[in-house]
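Just so it is clear, none of the values below were taken in a lab; they were calculated from the coordinates. Since the model is a prediction, treat every value here as computed from it, not as a measurement. Cβ coordinates were reconstructed from backbone atoms using ideal geometry, including for glycine residues, and neighbour counts include every protein chain displayed.
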Amino acid sequence: MTKKRAIVFSGGRLIEEDLQQIQPDDFIVGADKGALFLIKHGVTPHVSVGDFDSITPEEQEQVKSASQRMIACDPVHKDLTDTELALEIAMEEQADHVLLLGVTGTRMDHTLANVQILVRAMQHHISCAIMDEHNFIELTGSTLEIHPMGYTYTSLIPLTPEVTGIELEGFMYPLHNATLKMGQSLGVSNKLTAEKGTISIKSGLLLVIQSKD
């Protein structure tokens, strides 16, 4: 059975190179200003969603006319961020994997909230990752394979108070049955030394961040 992937373009920092991530069969969701970014670069979103408070009424009309479907929400009375609304749509489309672009930037509150969205995707058994020009962020509660993607470092950050039974293979600094607690920096700035790295844990939730300067 062919797996379905969705890409969300949100309203944070986006660059033209992000468009290179699009594959022919991807389901494309534009969230707020991310929808305008897609349309300005000649990409038609399957769905555009958000309160659209970061674009002008004229731009909103442009998004409406150029999208296959548009879902506009009241900016005051909605309970979800635009990015979370976009993820909900991707899940409704039964995507097996979701790539989030434009979900990091100058707003740290939005960035942290979007990182935590990875938990929501995991709860629905959906593989989900955040990507920008310097980072590739994933979440695991079991086992994760890491492949070379042009990033320099791989860091492990606990997203629960404690992550136990950590095993690392294929890295410069291996770990065996290790425990990481919130506030510890033991898992920061490791490096992949093999064609493939494997990270496995016994309990907890672990953010795995591949990064470069």
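To test your reading of the geometry: what angle, between 0 and 90 degrees and rounded to tens, separates the Cα axis of helix 108-123 from the longest principal axis of the chain? Roughly 80 degrees, rounded to the nearest 10.
Quick one: plug the Kirkwood hydrodynamic radius of the stretch 140-211 (C-alpha pairs) into Stokes-Einstein at 4 °C, 1.567 mPa s, and report D in µm²/s.
Numbers: Rh = 11.8 Å.
The estimated diffusion coefficient comes to 110 µm²/s.
Normalising the Debye intensity of the stretch 3-51 to I(0), with uniform scatterers on Cα atoms only, and taking log10 at q = 0.24, 0.26, 0.30, 0.32 Å⁻¹ returns -0.84, -0.98, -1.27, -1.40.
Suppose a student asked you for the relative contact order of the stretch 140-211, using Cα pairs under 8 Å spaced at least 6 residues apart; what percent would you report? Please report the intermediate quantities before stating the final value.
On the way: 181 pairs, mean separation 36.5, N = 72.
This gives 51 percent for the stretch 140-211.
Shown in residue order for the stretch 5-19 are the 3J(HN,Hα) couplings computed by the Karplus curve 6.51 cos²θ - 1.76 cosθ + 1.60 at θ = phi - 60°: 10, 10, 10, 9, 9, 9, x, x, 6, 10, 10, 4, 4, 4, 5 Hz (x for Gly and Pro).
Restricting the stretch 143-213 to GluC sites (Glu not before Pro) that sit in a DSSP loop and have at most 13 other Cβ atoms within 10 Å of their own Cβ leaves Glu195. The value of relative contact order for the stretch 99-154, using C-alpha pairs under 8 Å at least six residues apart, is 30 percent. Expressed as an acute angle from 0 to 90° and rounded to the nearest 10, what is the orientation of the C-alpha long axis of helix 82-92 relative to the principal long axis of the chain? Value to nearest ten degrees: 80.
For the chain, the longest principal axis of the Cα atoms and the long axis of helix 57-66 meet at an angle of about 80 degrees.
Note down the relative contact order for the stretch 5-133 as a percent, whole number, built from C-alpha pairs under 8 angstrom at least six residues apart.
Details: 232 pairs, mean separation 37.7, N = 129.
Averaging sequence separation for qualifying contacts and normalising by length gives 29 percent for the stretch 5-133.
Remark: the chain carries a charge dipole of roughly 520 debye about the Cα centre, counting +1 on each Lys and Arg Cβ and -1 on each Asp and Glu Cβ. Only Cα sites of the stretch 31-77 enter the Debye sum here, all with the same form factor; the resulting log10 I(q)/I(0) across q = 0.31 1/Å is -1.23, listed in q order. By the beta-carbon count within 10 Å of each Cβ, the least crowded to most crowded order of Val98, Val43, fewest first, is Val43, Val98.
Could you size up the charge dipole of the stretch 90-213 around its Cα centre, putting +1 on the beta carbon of Lys and Arg and -1 on that of Asp and Glu, and report it in debye to the nearest 20? Each step should come with its number before you reach the end.
On the way: 7 positive and 13 negative charges, 72 e Å.
Dipole magnitude for the stretch 90-213 comes out near 340 debye.
Which residues does the label zone of Ser142 cover in the stretch 1-25, counting backbone N under 20 Å from a point 7 Å along Cα→Cβ? Residues 1-5 fall inside that zone.
With a cut-off of 11 Å between beta carbons, the residues surrounding Met70 carry a summed charge of +1, where Lys and Arg count +1 and Asp and Glu -1. Taken along its principal axes, the alpha carbon cloud of the chain reaches lengths of 56, 37, 34 Å, longest axis first.
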